[in-house]
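*Asks:* Mind having a look at this structure? Questions to follow.
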There are 2 protein chains.
Amino acid sequence: MENTHAEADHRSSRRKYCGGVRAEDLDENFPVVNIDSNALDAVRLLAEHRLNGLVVVTDTSETPYAVLPASQVVRFIVPGYVQDDPGLAGVLTESMADHAAEKLSGKTIRDMLPKQRQHIPVADADDTIIEVAEVMARLRSPLVAVVKNDKLHGVITASRLLAAALKE
Amino acid sequence: MENTHAEADHRSSRRKYCGGVRAEDLDENFPVVNIDSNALDAVRLLAEHRLNGLVVVTDTSETPYAVLPASQVVRFIVPGYVQDDPGLAGVLTESMADHAAEKLSGKTIRDMLPKQRQHIPVADADDTIIEVAEVMARLRSPLVAVVKNDKLHGVITASRLLAAALKE
């Protein structure tokens, strides 16, 4: 957490001398989930809106706590013994395998996050397209959360960023 | 390549004893790009259709050669010296930074792929949801290509897979 905040502070304190499109011009509204909310509700949100990830927040801060890519949420429908031995996936019977809802019930978003906190794909509201792209590519994230005055301002997806870059 | 094919062969040769939803029931049509095609056209495709990735094929085979996530394509709008030193992203002037189209012109999809070939997120047409989920989570891919009779049959995104898992 310290690293991520240090990075954000450093970035936002730097003066920008040039015009052009900024992160806050590009970002979009995006569903946000609380870290202590129900994991199954979050999966429904991803599924229904066909999102490629979710921004996770806590009760104590309005800045994003984590970004949870949909491809990682998928891990939670894979039984632990299949994660340990992928070859077992093919020999599971349906009754053993397909109870995603059961596996998730009683779990929270917190349970779905990696035990060790990761770098968060976050950009400052006045970051340029290149700055957002650098963060996205480095953290291999399908989306970047944009923060303005310590609050989540919106989210930029990879395809949205590419569309903006082509227009420049 | 050998590893990936060996894995696919192993998976498809295994008999399935159970019913239920299979990869071929879930997959969707998805744009496919040839490895020697224009990189800029591929970026336009990602941007216009808001895709989270592309399936790459070659002239010599109808099976997928690679999957290129949109978050990795984004890397190509970041200048090399910013990739080496992320701190430089913020001090770039617009004229230095924002010529994505120029950076991509003359490049092919092949130029955008990692030098060393990666494991491909691919599933067999009769794979179960759990098998598709296992591949997606392990390779941290936003999509999985589904192959039937050595041909690309369609693509399953993470959100599509989650929607299917909830319905089981």
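*Asks:* Does B:LYS107 satisfy being over 23 Å from B:VAL78 (Cβ atoms) and open to solvent by 20 Å² or more (accessible area, probe 1.4 Å)?
*Replies:* no
*Asks:* Oh, and also: Have a look at B:VAL67, B:VAL147, B:VAL74 and point out the one that is open to solvent by less than 10 Å² (accessible area, probe 1.4 Å) and not in a loop (DSSP other than H, G, I, E, B).
*Replies:* Only one candidate passes the filter, namely B:VAL74.
*Asks:* Does the range A:18-32 contain any residue that is modelled with pLDDT under 75 and either under 30 Å from B:LEU88 (Cα atoms) or open to solvent by 60 Å² or more (accessible area, probe 1.4 Å) (or both)?
*Replies:* yes
*Asks:* Of all residues in the range B:133-144, how many are closer than 15 Å to B:GLY53 by Cβ and open to solvent by less than 10 Å² (accessible area, probe 1.4 Å)?
*Replies:* 5
*Asks:* Further question on the same structure: Checking A:ALA125 against (1) of a type in the set (A, V, I, L, M, F, W, C); (2) modelled with pLDDT of 90 or more; (3) open to solvent by 10 Å² or more (accessible area, probe 1.4 Å): exactly one of these is not met. Which one?
*Replies:* Single failed check for A:ALA125: (3).
*Asks:* State whether the residues of the range A:106-122 include one that is part of a strand (DSSP E or B), within 12 Å of chain B (Cβ to nearest Cβ) and not aliphatic (A, V, I, L, M).
*Replies:* Within the range A:106-122 (the criterion being part of a strand (DSSP E or B), within 12 Å of chain B (Cβ to nearest Cβ) and not aliphatic (A, V, I, L, M)), the answer is no, since none of the residues qualifies.
The values are calculated or read from the model by the stated rules, or taken from the named source; none is laboratory data. The structure displayed is predicted, hence computed values, not measured ones. Here Cβ is always computed from backbone atoms with ideal geometry, including for glycine, and neighbour counts include all displayed protein chains. Please note that ligands, DNA and RNA were not included when accessible areas were found on the heavy atoms of the full protein model with its side chains. Shrake-Rupley method; radii C 1.70, N 1.55, O 1.52, S 1.80 Å.
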